[in-house]
Amino acid sequence: MFDEKIDIGCMRKKIEGFPEQIMASFLKGKSKGIVKKPENLVITGMGGSAIAGNLLADLLFGDSDVPIFVNRGYELPAFVNADTLLFVSSYSGNTEEVVSSLIDGIGRRAKIVVLTSNGKIGKIAEEEKLTMIKLPSGYPPRSALGFSFFSMLGLISDIFGIPFNEKHLSKLVERLISEKEKLLSAENEITKLARMIIRKIPVIYVSARLNSVARRWQTQINENSKTFAHSNVIPESNHNEIVGLEFPKETVGNMFLIFLRSKYYENERIQKRFSLTEEILRDYVGEIKTIKAGGENKLEDMFLLTYKGDFLSYYLSLLLEVDPTPVERIDLLKNGLKQ
């Protein structure tokens, strides 16, 4: 039984509304336009405002000939210059690391596009006459993913030769709405999974080409469920982590492995590695569960899995009887930095 009275901050409504963020954001980004193709694309941000960059890099891995780099921190990498397209992503507009990297980018004469709802970054963008995509206010940053990601995708869609257009996005919205109906039913694969992991340590494994989705699952479980989670990728984890999943036995035995699977992000060798990894670890970890995307292309698979992860974090928070919206430790840390 899920007691939704715990959801004081109305997180379920925000998660449900993700499909509604897609089309308008894509068109808003596309309306900005870029005349010249950059030498590289850098997305600088933190937390929920940066994950859009990781998703974009994974989605375009096999399609874009422009290097995409996600920057999480105060400084920008040395290669950023006037030929760089720099997305500055801070939902609040006050994230100190992002303010710092924005000022750094201005000094290097990068082509800057700011994505924010307001704050210091919004003011700097106005003063410097930077291209700005204003995001709707009233959301925790992690709930504004659709606004930031699809604005970015729309903005670069023409000059990057993105293989997805409004037709693909309309289909994605349809698929997500259909998935939402399943995810809101009393019993579905995600509510069952939430019950299975409530006293476990979630460990999410995914193909390296879809690392962003596992990271999203991990951070949503962290913030919404107030629960520790870990993620890693195949094949890299096959070269180190599988050896470490032996001791301490009590801890490893309490781990719950979740395999996120998409045929659009896996070759035959990765598929075989998933099977062998499960076979090798089955007797050590507590349990292993596979969640399949089930979309018709890599864009659909990416966001169907993302959507399922968001709902998992929500249902787990209800089982643990914690309001998913507040992030008190982050607020405490930010207040400490002001002193």
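Inside the range 296-309, can you point out the residues that are charged (D, E, K, R) and outside any helix (DSSP H, G or I)?
The initial filter retains those residues of the range 296-309 that are charged (D, E, K, R), namely 296, 298, 300-301, 308.
If the condition is that a residue be charged (D, E, K, R) and outside any helix (DSSP H, G or I), then E296 is the only one that fits.
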Note on Y139: of the conditions (1) surrounded by fewer than 21 Cβ atoms within 10 Å (Cβ to Cβ); (2) over 30 Å from E296 (Cβ atoms); (3) in contact with a helix residue (DSSP H, G or I) (Cβ under 8 Å, 6 or more places away or on another chain); (4) of a type outside the set (K, R), unmet is (2)
Of N222, N232, the only residue that is part of a strand (DSSP E or B) and free of Cβ contacts under 8 Å to residues at least 40 places away in the same chain is N232
Over the range 116-160, the set of residues in a helix (DSSP H, G or I), in contact (Cβ under 8 Å) with a residue 40 or more places away in the chain, within 28 Å of V327 (Cα to Cα) and aliphatic (A, V, I, L, M) is L145, M152
For the range 310-325 the number of residues that are over 16 Å from I198 (Cβ atoms) and in a helix (DSSP H, G or I) is 1
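Please enumerate the residues belonging to the range 161-201 that are aliphatic (A, V, I, L, M), under 24 Å from K14 (Cα atoms) and touching a residue at least 24 places away in the same chain (Cβ under 8 Å). So that I can check it myself, show each step before the final result.
Kept after step one, since they are aliphatic (A, V, I, L, M), are these residues of the range 161-201: 162, 169, 172-173, 176-177, 183-184, 186, 190, 193-194, 196-198, 201.
When the remaining residues are screened for being under 24 Å from K14 (Cα atoms), the result is 169, 172-173, 176-177, 183-184, 186, 190, 193-194, 197-198.
L169, L172, V173, L176, I177, L183, L184, I190, L193, A194, I197, I198 - these are the residues of the range 161-201 that are aliphatic (A, V, I, L, M), under 24 Å from K14 (Cα atoms) and touching a residue at least 24 places away in the same chain (Cβ under 8 Å).
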Given the criteria of a type in the set (S, T, Y) and either on the phi > 0 side of the Ramachandran plot or not in a loop (DSSP other than H, G, I, E, B) (or both), does S100 qualify?
yes
In the range 244-270, anything of a type in the set (D, E, K, R) and in a strand (DSSP E or B) is listed as R261
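What helices (runs of 4 or more DSSP H) completely inside the range 1-75 contain at least 3 residues that are surrounded by 15 or more Cβ atoms within 10 Å (Cβ to Cβ) and among the aliphatic types (A, V, I, L, M)? Full working, then the answer.
Details: elements: 11-16, 18-32, 51-59.
Correct list: 18-32, 51-59.
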Only unsatisfied item for I242, checking (1) within 21 Å of the chain's Cα centre (by Cα); (2) over 30 Å from F26 (Cβ atoms), is (1)
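It is to be established whether one or more residues within the range 284-295 are among the acidic types (D, E), surrounded by fewer than 22 Cβ atoms within 10 Å (Cβ to Cβ) and either in contact with an Asp or Glu (Cβ under 7 Å, 6 or more places away or on another chain) or part of a helix (DSSP H, G or I) (or both). Lay out the reasoning, then the answer.
Pass one, the range 284-295, residues among the acidic types (D, E): 287.
In the following step, the residues that additionally are surrounded by fewer than 22 Cβ atoms within 10 Å (Cβ to Cβ) were identified as 287.
Filter once more, keeping what is either in contact with an Asp or Glu (Cβ under 7 Å, 6 or more places away or on another chain) or part of a helix (DSSP H, G or I) (or both): none.
No; the residues of the range 284-295 include none that is among the acidic types (D, E), surrounded by fewer than 22 Cβ atoms within 10 Å (Cβ to Cβ) and either in contact with an Asp or Glu (Cβ under 7 Å, 6 or more places away or on another chain) or part of a helix (DSSP H, G or I) (or both).
Coordinate-derived values only; no laboratory data. Everything numeric in this text was worked out from a predicted model, so none of it was measured. Note that each Cβ is placed from the backbone with ideal geometry, even for glycine, and that neighbours are counted across all protein chains shown.
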